[in-house]
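The values are calculated or read from the model by the stated rules, or taken from the named source; none is laboratory data. Just so it is clear, the model here is predicted, and its values are computed rather than measured. Note that we place each Cβ from the backbone using ideal geometry, even for glycine, and neighbour counts take in every protein chain shown. Please note that ligands, DNA and RNA were not included when accessible areas were found on the heavy atoms of the full protein model with its side chains. Shrake-Rupley method; radii C 1.70, N 1.55, O 1.52, S 1.80 Å.
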Amino acid sequence: NAGVTQTPKFQVLKTGQSMTLQCAQDMNHNSMYWYRQDPGMGLRLIYYSASEGTTDKGEVPNGYNVSRLNKREFSLRLESAAPSQTSVYFCASSEFRQGVNSGANVLTFGAGSRLTVL
Amino acid sequence: AQSVTQLGSHVSVSEGALVLLRCNYSSSVPPYLFWYVQYPNQGLQLLLKYTSAATLVKGINGFEAEFKKSETSFHLTKPSAHMRDAAEYFCAVSEGQAGTALIFGKGTTLSVSS
């Protein structure tokens, strides 16, 4: 019943430090996503990976890099953290299914990683 | 480009009252539409989804939503609110292609008073 697992759950960084958020899913999904959530802004897409070996930018990719390590894992890296990157980060995965009453790209989310940059 | 607009960042109702959370979408192709709920300090959970099979969609916890193409709307309703419904609700849209990410609205916080 693990679903999508994110680590760490909490992290405090100083400006300029680097870190990697890890995400793993055990549902054999092809697609994985990283979102950030900020008050009043909803969820904004940072990067996504439609399938193993591919990655694409979302709405707010600046300051981030991603790696789709294998089908299970999709990491998000902050090379030089800035206070503007203080946020809650969510990883998600999905498996698209064709047909009536299909899954239609339903995303399963992790519990989130709360990052504070001082 | 697809987009979602949630009208009202905060909705307050009394326990037992009707819940109505509004969502309008913009999409150049027939959309897939979703409502997700986020309880405090948790991730997002799927409430319901529209995939063109039926315009009235029933979800978990007594929620339902109706797809109205003429109004480009997908409003979420529940006949009688419970205290446990207090949470943040997000409407989202997708093109429905493999690997396409969801585009989320800014969210509506539902408060329920006794």
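Residues of the range B:58-114 that are of a type in the set (Val, Ile, Thr) and away from chain A (no Cβ under 14 Å): B:72, B:77, B:112. Quick one: in the range B:6-54, which of the residues that are touching a Lys or Arg at 6+ places or on another chain (Cβ under 6 Å) and more than 9 Å from chain A (Cβ to nearest Cβ) is farthest from residue B:69 (Cα to Cα)? In this case the residue turns out to be B:19. Annotation note: of A:74, A:10, the sole residue that is open to solvent by less than 20 Å² (accessible area, probe 1.4 Å), within 14 Å of another protein chain (Cβ to nearest Cβ) and touching a Lys or Arg at 6+ places or on another chain (Cβ under 9 Å) is A:74. Using the structure shown, decide if residue A:21 is in contact with a helix residue (DSSP H, G or I) (Cβ under 9 Å, 6 or more places away or on another chain), touching a residue at least 12 places away in the same chain (Cβ under 8 Å) and open to solvent by less than 50 Å² (accessible area, probe 1.4 Å). Judged against the criteria, residue A:21 is not a match. Taking the range B:44-87 as the range and being surrounded by fewer than 20 Cβ atoms within 10 Å (Cβ to Cβ), within 25 Å of residue A:31 (Cβ to Cβ) and not hydrophobic (A, V, I, L, M, F, W, C) as the test, the residues that pass are B:45, B:52, B:59. The combined condition, being of a type outside the set (D, E, K, R) and in contact with a strand residue (DSSP E or B) (Cβ under 6 Å, 6 or more places away or on another chain), is not fulfilled by residue B:29.
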